[in-house]
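All of the numbers you see were taken from the coordinates with simple rules; none came from a lab. Being a predicted model, the structure only gives us computed values, none of them experimental. Because the Cβ atoms are built from the backbone with ideal geometry, glycine has one as well, and the counts that use them run over all protein chains shown.
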Amino acid sequence: MDAGGCLSVVMPCYNEAATVADIAAAVLASPLVGQLVIVDDCSTDGTAAIVDGFSDPRVSVVHHTVNRGKGAALRTGFAVATGPFVIVQDADREYDPADYPAMLEPLLDGRADVVYGSRFMGGAPHRVLYYWHSLGNRLLTTASNMLTNLNLTDMETCYKAFRREVLDRITIEEDRFGFEPEITAKVARLGVPVYEVGISYSGRTYAEGKKIGWRDGVWALFCVIGYSPIGERCRVRRVGPAVKRLIGRV
């Protein structure tokens with residue numbers, strides 16, 4: 001098939017005025033991209049004005065009137081995406097759209113229905129940053145693998161690409177960073193073929209705008225358990241509000 005324009009890119013953004021124009025330009029430079037859906041999650045730093053100024057007809061912009069979180073922004077964006085393939089793109093410079101061809105290859109040739117871009121496999125360049133973040137990511141991925149019976153190396157990666165019909169079978173419930181373990185558990189439950197490819201990664205520091213913190217990690221672990229078959233049977237998510245109060249994430 002002709003792959004040109006087959007990809008819808010969903011980009012949630014919150015206070016990314018310093019990077020959103022550059023990353024949007026990089027996304028739109030890819031011949032694979034037929035649509036860029038930007039969901040501004042009630043930014044307060046001028047991001048909204050920047051994205052509203054994009055003139056490329058492939059760009060669709062949706063604004064949240066209150067800040068709702070990454071998962072909520074993706075839920076909004078997935079509903080707007082129209083391409084046969086959909087990929088998640090953060091609005092910073094940590095992930096490079098030059099990796100789109102590698103991400104799309106297993107989808108285009110029919111081997112996969114879902115592709116994860118792993119920061120921990122392959123020989124692509126990686127910025128060296130926080131050890132504890134890396135360890136936490138590996139622990140969350142291991143826990144997720146144990147409960148889903150997948151063998152991913154990077155469950156928490158931003159780069160996840162889907163066939164449109166797979167997303168149509170999944171309802172996203174998480175509003176924040178719990179999206180990653182939730183979508184992984186629900187993909188595993190569908191039993192569709194999942195592939196993983198190595199990608200580059202240029203992580204940023206907290207001074208440069210990184211937002212995820214330890215509370216998000218604790219909640220992600222709760223979601224790993226809560227969305228697993230064991231968690232569903234035991235109705236673990238009933239205690240979710242109490243966990244949120246305990247970690248101060250409401």
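In what order do ASP109, ASP96, ASP22 fall by count of nearby beta-carbon atoms within 10 Å, going from fewest to most?
Listing ASP109, ASP96, ASP22 from fewest to most nearby Cβ atoms yields ASP109, ASP22, ASP96.
Which shape class, rounded, prolate or oblate, goes with the stretch 1-118 when its Cα gyration tensor gives a ≥ b ≥ c as root eigenvalues, a/c under 1.5 marks rounded, and past that a/b bigger than b/c marks prolate?
Prolate.
Among TYR131, TYR195, TYR14, TYR159, a tally of other beta-carbon atoms within 10 Å of each Cβ gives an order, fewest to most, of TYR131, TYR195, TYR14, TYR159.
Compute the FRET efficiency between ARG235 and SER55 as 1/(1 + (r/R0)^6), taking r as their Cβ-Cβ distance and R0 = 41 Å, and round to the nearest 0.05. Computed FRET efficiency for ARG235 and SER55 comes out at 0.25. Net length available on complete extension from LEU139 to ILE212 is 24.7 nm, with 0.36 nm assigned per residue and the Cα-Cα distance removed. Simple point charges give the picture: +1 on the Cβ of Lys and Arg, -1 on the Cβ of Asp and Glu, and for the chain a dipole about the Cα centre of about 1140 debye. Among [x] 31, 25, 16; [y] 26, 22, 18; [z] 31, 18, 17, which is the computed semi-axes √(5λ) of the Cα gyration tensor in Å? Recomputing semi-axes √(5λ) of the Cα gyration tensor in Å here gives the entry labelled [y]. Neighbour counts of C-beta atoms inside 10 Å place PHE162, PHE54, PHE177 in the sequence PHE54, PHE177, PHE162, starting with the fewest.
Just give me a number: lysine pairs in the chain, eight or more positions apart or cross-chain, with C-alpha atoms less than 16 Å apart. Taking the chain as the scope, the lysine pair count is 4.
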